[in-house]
Amino acid sequence: MSRLAACTIHDGVAVVTIDNPPVNALGARLRGDLFAVLSEVVASPEVAAIVLTGSGRNFVAGADISEIGRPPVEPTVTSIIELIEDCERPTIAAINGNALGGGLELAMACHYRVATPEARLGLPEVRLGLLPGAGGTQRLPRLVGAAAALDMIVTGSEIGARKASGIGLVDALSEGDLMREAIALAQARAAENGSHVAVRYREDKIAAAKRDLAGFEAHRDALLSKRRGLRAPQLAALSVGNALTLPFDDALAAERGFFLELASSDESKALRHLFFAEREAAKLDGVTKEAARAVRRVGIVGAGTMGRGIAMAFLNAGMPVALAETDEEALAKAIEAISASYAALVRRGSLSEEEASARRGNLSGSVSYDMFADCDLVIEAVFEDMALKKTIFAALAAATPAGTILATNTSWLDVNEIAAATDRPQDVLGLHFFSPAHVMKLLEIVRGERTSPAALATALKLARRIGKVPVVVGVGYGFVGNRMLAARNAELERLMLEGAMPTQIDRAFRDFGWPMGPFEMTDLAGLDVGWRNRRAHGKTAPVADALCEMGRFGQKTGRGFHLYPDGSRKGVPDPEVEKLIRTMAEEAGIAPRAVSFAEILERTHYPMVNAGAQVVEEGIARRAADIDVVWVNGYGFPAWKGGPMFWARKEGLSRIERFLARQFEATGSEHFRPSPMLPLLAASD
């Protein structure tokens with residue numbers, strides 16, 4: 001069995017290379033090999049200095065997450081760090097790519113760090129409901145200062161090597177040959193014959209933070225105010241604070257205790273579940289990366305809000321986009337809106353003018369489909385009308401060569417029926433983006449009956465290229481997300497008539513962990529969107545329909561379920577809406593009563609879970625974990641609850657099933673009919 005760490009000697013410098021592709025994760029076997037190699041190197045009198053690096057495109061991208069929560073296996077990352085830190089000869093971390101989590105903790109154990117400009121550094125453990133567990137909360141403040149360490153650790157953000165150099169995390173940038181420069185630095189430091197101070201003993205930036213303890217605490221409180229209810233950021237901030245108030249070893253022991261507490265928490269288990277679920281969602285049996293076709297240019301039909309957002313998603317990834325509209329005026333308006341969006345990003349400092357100009361330069365437009373002749377992918381993004389979509393797809397099939405993938409952004413309609421309008425259904429699939437399309441991470445890839453493996457492989461690869469989280473789903477009304485959304489929202493009108501006002505329902509959702517309540521979200525999106533969809537499908541929602549008939553379309557009209565005075569983005573209760581609801585309840589013979597938050601959540605969330613079980617039963621979702629990925633990345637379900645299906649297991653599947661059965665018996669409402677798959681969800685992944 002080959003070793004995952006090896007050593008070569010270059011003029012007295014030991015170069016220790018970590019080789020555990022693809023990301024050099026610090027699993028047990030790698031740790032054992034690395035500890036053995038480093039022990040030999042440290043003991044060798046022929047070695048004047050040590051350079052530690054990683055093979056491929058990563059230094060070390062973190063720990064082996066599958067080991068978290070299990071009994072520790074020696075040697076641990078801490079054991080390796082102590083071995084490096086105790087070395088009296090200079091040690092240099094040559095960072096050739098990602099140095100994240102345990103990888104950055106390993107690099108900070110070295111005396112010096114040199115990195116390529118493309119390298120990324122960070123301690124993202126809070127994203128998994130954890131905090132750095134091998135000294136990251138103690139060594140990082142000693143290198144970059146307490147405030148900068150708080151920013152990185154509490155937010156879990158990564159930074160580029162240039163920024164890392166500017167704040168003191170990286171000692172030198174390598175613009176040429178990284179290993180040659182790292183070896184030269186090692187030789188120069190060895191020739192100095194002086195002592196090399198380990199990071200743990202550097203106290204100047206700690207002392208500076210102590211002199212402005214009030215400033216540190218204010219910065220900490222501001223960061224945590226945006227993360228209320230989450231345990232990992234709280235403990236991470238506390239641990240960084242310990243660097244200012246406790247001896248190093250005491251603070252290190254406290255950090256380890258915090259890590260073990262978090263590793264066993266529901267919060268971390270949920271986030272780790274999502275970590276693995278996202279990776280599994282992007283894999284398909286019989287679909288390989290090698291089957292993916294090259295996509296060099298993308299066409300988009302429809303330049304409304306959705307089409308513009310999809311265009312920006314590709315432009316932001318550096319891809320040329322051809323945008324089509326029915327008339328020149330609509331096309332010009334769309335291109336102007338996209339340019340204005342980039343101008344706003346430049347004004348905010350989020351984008352350079354050069355980059356904005358490059359993105360605008362990649363955008364072209366036409367009122368003819370002839371420009372799609374050299375596109376490898378064309379996405380239709382017009383409104384939800386089956387006849388219109390079939391007409392467009394027939395025209396696209398005629399205007400593009402065989403092999404061009406034709407995708408629909410429909411959120412409801414039958415992709416198979418759309419594909420049947422072409423002479424090549426194997427090239428047709430759904431790419432359901434979520435609004436705003438250039439911001440939201442989820443991409444539902446809808447697999448038609450005849451969609452080819454090559455088309456699916458291309459979509460999966462492209463999704464990652466534009467920064468989306470892909471989930472492959474089957475054809476069915478509303479696919480996964482909107483099918484479940486309809487079930488979740490089915491009781492909202494009834495709850496209002498029974499006495500729960502929109503403000504109360506929104507608050508129940510926010511208290512659960514949603515970023516917005518259902519009525520706040522409807523007001524943001526526009527009530528007219530749902531109204532138009534209901535009328536197209538012969539459905540009604542009496543309260544919402546009445547508000548639309550009154551011209552109350554949400555934030556854009558200043559009135560929806562809530563009032564938005566003076567253009568405010570934050571709604572306030574509207575007595576007119578409450579009066580309307582009470583009048584409608586009285587006409588329906590419904591006596592108002594007090595409705596608890598618990599009942600609101602049960603009557604909305606349990607049917608949503610039930611619909612999730614149905615889409616697994618029907619094969620529209622391949623596994624329950626895919627549903628969790630959809631809802632966290634596309635609909636705002638709180639990630640720290642793991643998604644609706646993961647949460648349902650903790651809530652109790654039998655409890656949910658009993659509740660649904662009682663409600664179905666009492667009301668006969670189909671969204672309460674328990675799915676036979678519901679009690680089997682625990683085994684569906």
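The values are calculated or read from the model by the stated rules, or taken from the named source; none is laboratory data. What you are looking at is a predicted structure, and each value in this text was computed from that prediction instead of being measured. Don't worry about glycine lacking a Cβ; one is built from the backbone with ideal geometry, like all the others, and counts go over all protein chains shown.
Residues are listed down the side, and each one gets a yes or a no for (1) out of contact with any Ser or Thr (no Cβ under 6 Å at 6 or more places or on another chain); (2) under 28 Å from residue 656 (Cβ atoms); (3) touching a residue at least 24 places away in the same chain (Cβ under 8 Å):
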site: 531; (1), (2), (3): yes, no, no
site: 536; (1), (2), (3): yes, no, yes
site: 546; (1), (2), (3): yes, no, yes
site: 577; (1), (2), (3): yes, no, yes
site: 600; (1), (2), (3): yes, yes, yes
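For every residue, the table says whether it meets (1) surrounded by 12 or more Cβ atoms within 10 Å (Cβ to Cβ); (2) closer than 27 Å to residue 85 by Cβ; (3) modelled with pLDDT under 95.
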{"site": "195", "(1), (2), (3)": "no, yes, yes"}
{"site": "199", "(1), (2), (3)": "yes, yes, no"}
{"site": "215", "(1), (2), (3)": "yes, no, yes"}
{"site": "226", "(1), (2), (3)": "no, no, yes"}
{"site": "235", "(1), (2), (3)": "yes, yes, no"}
{"site": "241", "(1), (2), (3)": "yes, yes, no"}
{"site": "247", "(1), (2), (3)": "no, yes, no"}
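Determine if the range 29-50 includes at least one residue that is at positive phi and outside any strand (DSSP E or B).
no
Mind counting the residues in the range 121-141 that are crowded, with 24+ Cβ neighbours inside 10 Å, part of a helix (DSSP H, G or I) and not polar (S, T, N, Q)?
So the count comes out to 7.
Consider residue 246 carefully, then state whether it is of a type in the set (A, V, I, L, M) and over 27 Å from the mean Cα position of the chain (by Cα).
yes
Can you confirm whether the range 492-500 contains a residue that is under 31 Å from the mean Cα position of the chain (by Cα), in a loop (DSSP other than H, G, I, E, B), hydrophobic (A, V, I, L, M, F, W, C) and modelled with pLDDT of 95 or more?
No, the range 492-500 contains no residue that is under 31 Å from the mean Cα position of the chain (by Cα), in a loop (DSSP other than H, G, I, E, B), hydrophobic (A, V, I, L, M, F, W, C) and modelled with pLDDT of 95 or more.
Any residue that is among the aromatic types (Phe, Trp, Tyr), at pLDDT 95 or above and assigned by TED's automatic domain parsing to the domain that holds residue 72 - is there at least one of those in the range 258-265?
yes
Mind checking which strands (runs of 3 or more DSSP E) fall wholly inside the range 343-418 and carry at least 1 residues that are buried (at least 22 other Cβ atoms within 10 Å of the Cβ) and among the acidic types (Asp, Glu)?
377-380
If you scan the range 376-419, which residues turn out to be hydroxyl-bearing (Ser, Thr, Tyr) and under 20 Å from residue 483 (Cβ atoms)?
Residues satisfying the conditions are 408, 410, 411.
What is the number of the single condition among (1) surrounded by 18 or more Cβ atoms within 10 Å (Cβ to Cβ); (2) polar (S, T, N, Q); (3) under 22 Å from the mean Cα position of the chain (by Cα) that residue 435 does not meet?
Condition (1) is where residue 435 drops out.
Please verify whether the range 355-374 includes one or more residues that are out of contact with any Cys (no Cβ under 7 Å at 6 or more places or on another chain), over 19 Å from residue 443 (Cβ atoms), free of Cβ contacts under 8 Å to residues at least 60 places away in the same chain and acidic (Asp, Glu).
Yes, there is a match, as at least one residue in the range 355-374 is out of contact with any Cys (no Cβ under 7 Å at 6 or more places or on another chain), over 19 Å from residue 443 (Cβ atoms), free of Cβ contacts under 8 Å to residues at least 60 places away in the same chain and acidic (Asp, Glu).
Using beta carbons and a limit of 6 Å, which pairs, at least six apart or on different chains, have the first residue in the range 319-339 and acidic (Asp, Glu) and the second one crowded, with 23+ Cβ neighbours inside 10 Å and in a loop (DSSP other than H, G, I, E, B)?
Cβ pairs passing all conditions: 325/303.
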